[in-house]
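Asks: A single structure is presented below for examination.
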Amino acid sequence: MASNVKTRRLDCGVAVDRISNLPVHLKHLIQDRLPFDDITRTSILSKVWRDIWIMYPNLVFDDQFFTQLVSRKAPMEDEQVQLSEVSKTISNILLLHSGPILTFHLTVPSYLPFLQCMDVWIKYISNNGVRKLELDNRTPVAYKIPSSVFSCSELTHMWLSMCILNPPLKFEGFCNLITVKLVLVRITGDMSFGSQLKHLSLTNCSGVEYLGSHFTNCNNLTELVIIDSEEIDWRMFECTPKMQLNTLSLLLGRVTLALGRVRNVFKKVIDLEKLFSNMPTIKTLSLDGFFLESLERDAAQLKRPITTLEKLTLECVGFENLVHIRNALFLIRSFPNLRYLRLILATDEYSSNDMDSLDPSLFDMIPPQLKTVEILEMCCSATELQFVKLLLASTPSLKWMKLQMDSFAIFDPAEQLPILQELLQFPRASTAAQIIWDSRGGGYKC
């Protein structure tokens, strides 16, 4: 009887280490869900696991890795000792690694500026088939990307922060690069990320003018995001009538000190007619108040409506600025199939204009397909509430509206419900719309 019980236990697999017998790629999936520090510790589980971690293809040296390493290695030592220990640890991990490195993420903490060691590491991973490269430099000194990166033929994703891209003279572009995200990156010469590029994001970057090769008829770019970057040569957009661009974000008007200087990114009047006429497939658009301010009177009213656009976001819109409101309405009217509208407000304390001076007919041509509206960072001024009322009265298809209070606004919570009730009782308000009032810590639904 006892032998039969023992046999049944063995048959049920109680004594079998099923995890250790998994294929290597499944073990790597398990390791994907662990911090890198714990991945290295799996080598002590058994003989089977001893060499699994050195073949792990995704190397992530992030904040968590450095926090654990510094606290364990040299918590009371000076910066040079910590720097030496960290550099030695990463070098040893790369030296012991076996097989391809598909993902390499490296955060350079501000308290551990080991930039001088990085060239050797980058060269090593460049020769091991890296596909996803992420360098997050938190130090004030920009890291110059070594030439070995430009020979990474298998690279598909690139994310760089606080770096310098100095492409070789005869560099013709990457072969398989699909996604590029650059933050605080300086480009020093003509640069191409390759004809396969689909997603390009630039934040606080300089040298954008060197990327003109991506605005030709023979490219696959579908998403372009440019935020707080230096002046753009708008002639780049004149050669793109066959581009398949469906997402465009141009948020350029913020004054920043990110690169050590105050700058105004654009001084010319923007010709939206030319800009949109070269984007026949655009579906999602994000602009800022700087665009609205830069347009000449009635310049936002496009002669030919853009029928493909479905989602519009306008950031830093001053509701006390009639130029912003008028041009925003002109833009909205130019997209007859618009379904989603998102407005992020910016209070202009130097203006005291009244919306009564606006032509009411501007609201009579709100896209009939508009179903969702978000208005964020409200301070409940009379102008804002009047705009909301007019919008409610002009959107019969509206299904959902979210009104979110500015987190810094001083507003008595007891006054919020009466304002919401006032909006709901407004004549001609859409009875089918669900209004969500978000007061940052409390809200109402009606």
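The values are calculated or read from the model by the stated rules, or taken from the named source; none is laboratory data. Since the model is a prediction, treat every value here as computed from it, not as a measurement. Cβ coordinates were reconstructed from backbone atoms using ideal geometry, including for glycine residues, and neighbour counts include every protein chain displayed. Please note that ligands, DNA and RNA were not included when accessible areas were found on the heavy atoms of the full protein model with its side chains. Shrake-Rupley method; radii C 1.70, N 1.55, O 1.52, S 1.80 Å.
Asks: Taking amide H atoms as placed 1.01 Å from N in the peptide plane, list the residues 5 or more away in sequence, or in a different chain, whose amide H sits under 5 Å from that of Leu221.
Replies: Gln244
Asks: List the residues, sorted by chain then number, that are 5 or more residues from Glu374 or on another chain and whose placed amide H is less than 5 Å from its amide H.
Replies: Answer set, sorted by chain and number: Leu341, Arg342, Leu343, Lys402.
Asks: Show me the ranking of peptides 165-176, 192-203 by mean Cβ neighbours inside 10 Å, starting with the highest. List each step's numbers first, then the result.
Replies: Numbers: 165-176: 14.3, 192-203: 18.8.
Listed from highest to lowest mean packing, they are 192-203, 165-176.
Asks: Lys and Arg at +1, Asp and Glu at -1: add these up for the other residues within a Cβ distance under 13 Å of Lys181 and post the number. Before the final figure, lay out each step's value.
Replies: Details: positive: Lys132, Lys198; negative: Glu134, Asp136, Glu223.
Summing Lys/Arg as +1 and Asp/Glu as -1 gives -1.
Asks: Can you tell me which of 137-145, 333-341 comes out highest on packing, and rank the rest after it, using the mean Cβ neighbours within 10 Å? Before the final figure, lay out each step's value.
Replies: Values: 137-145: 16.1, 333-341: 19.8.
Most protected by this proxy first, the peptides run 333-341, 137-145.
Asks: Students often get this wrong, so check it: of Lys198/Lys283; Lys88/Lys132; Lys311/Lys371; Lys274/Lys311, which have C-alpha atoms separated by over 18 Å?
Replies: Exceeds cut-off: Lys88/Lys132; Lys274/Lys311.
Asks: Another question, then. Quick one: Karplus J couplings for the range 118-123, per residue in order, coefficients 6.51, -1.76, 1.60, θ = phi - 60°, nearest Hz, x for Gly and Pro?
Replies: Result, rounded to whole Hz: 6, 4, 5, 5, 5, 5.
Asks: Give a residue-ordered list of calculated ³J(HN,Hα) values for the range 377-382 (Karplus: 6.51 cos²θ - 1.76 cosθ + 1.60, θ = phi - 60°; whole Hz; x for Gly, Pro).
Replies: For the range 377-382, the Karplus-derived couplings read 6, 7, 10, 6, 6, 4 Hz, x marking Gly and Pro.
Asks: Taking only protein heavy atoms and a 1.4 Å probe, what accessible area per residue, in Å², does the range 64-178 have with all protein chains in place? Please list the in-between numbers first.
Replies: Working: 5710 Å² over 115 residues.
I get 50 Å² per residue for this part.
Asks: How much length would be gained if the chain were fully extended between Asp62 and Ala346, taking 0.36 nm per residue of separation minus their Cα-Cα distance, in nm to one decimal?
Replies: Numbers: separation 284, 0.36 × 284 = 102.24 nm, distance 3.47 nm.
Full-extension gain reported as 98.8 nm.
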